[in-house]
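The values are calculated or read from the model by the stated rules, or taken from the named source; none is laboratory data. Model, not experiment: these values are computed from the prediction. For neighbour counting, all protein chains shown are included, and Cβ atoms are generated from backbone atoms with ideal geometry for every residue, glycine included. Surface accessibility is based on the protein's heavy atoms, side chains included, excluding ligands, DNA and RNA. Shrake-Rupley method; radii C 1.70, N 1.55, O 1.52, S 1.80 Å.
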Amino acid sequence: MPNLFIHKISKTFAFTIIEMVVVVGVVSALICLLILQYRPSTKMASYINCKVKLLQIGMAFSDFSKEHNNHLPMLISTNQGGSLEYSATPDYTYQHFKAISRQLGPTHYLICPQDTRRAATNWENLANTNVSYFIGLDSERDNPMAIIAGDRNITPNPSVVLQISKPTSLDWIKSVGLHGDKGHLIFSDGHVEELDSTGLANAFQRTGIATNHFAVP
């Protein structure tokens, strides 16, 4: 009789263990499903990280202007620490970012997470191929809607200077990669906008500049 009682207890205990294993398995599966559901997708994470990098770039340009009588490097001579002399050709677009190297920090801020390009190992080795963002050559701090920089996929061709007087013809170029039919712009007042092609055209009109000049790396 005592042996039968012990046997019953053992069976009951074994069944309880099985139940616990099943419950733990089900809970684990539910947690995994919730994580997958609410975790940002790779594409969403790329948008967020790209925006953060452009915000950092905007802050660096702002810091530069505070040290140079409220002017950005694109309109200041290299003799004064700017990059004006490099505005005539797109081959040296990277020089406009190099002018803010002290304010910006690591070179990886110049690379969009979705870009196949890679960051330069240091500022001395920086080239156009290490930059994901175009530069607004006409940008000034006293025009808050001037476009300082943005994703380089506004043209299918690298190393060009765009002269935009009819912004309605602009589109984000999907073939370049990056964010497909969307992109980011950083404005002179420091805010970043994520825009589709229609928003891109409207942003150029909001600058109030008759012809916008943009150096694309």
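Assorted remarks:
- Restraint check, Lys98/Lys182; Lys98/Lys166; Lys53/Lys182; Lys66/Lys98, Cα-Cα greater than 21 Å: Lys98/Lys182; Lys98/Lys166
- For Thr155, the amide hydrogen comes within under 5 Å of the amide hydrogens of Ile173, counting only partners 5 or more places away or on other chains and with H modelled in the peptide plane.
- Counting heavy atoms of the protein chains alone, His108 has an accessible area of about 80 Å² for a 1.4 Å probe.
- What the phi angles of the range 194-206 give under the Karplus curve with 6.51, -1.76 and 1.60, with θ = phi - 60°, is a coupling list of 9, 10, 8, 5, 5, x, 4, 4, 5, 5, 5, 5, 5 Hz, glycine and proline written as x.
- For the range 86-168, fraction of C-alpha pairs farther apart than 21 Å, in %: 28 percent
- Cα gyration tensor shape for the range 123-164, rounded if a/c is under 1.5, else prolate or oblate: oblate
- You can think of it this way: the chain between Arg206 and Ile48 has 54.5 nm of extra reach, that is 0.36 nm per residue less the Cα-Cα gap.
- Of the trypsin sites (Lys or Arg not before Pro) found in the range 84-163, the ones in coil according to DSSP and having at most 16 other Cβ atoms within 10 Å of their Cβ are Arg118.
- Label zone at Asp142, where the point sits 7 Å out along the Cα-to-Cβ direction: the range 51-69 residues whose backbone N lies under 14 Å: 69
- For the range 108-217, the normalised intensity computed at q = 0.10, 0.12, 0.14 Å⁻¹ comes to -0.26, -0.38, -0.51 (log10 of I(q)/I(0), Debye sum over alpha carbons, equal scatterers, no solvent).
- Each residue, Ser169 and Arg102, gets one label point 7 Å from its Cα in the Cβ direction; the gap between the two is 4.1 nm.
- For the range 180-195 versus the range 50-88, the inter-centroid distance based on Cα atoms is 17 Å.
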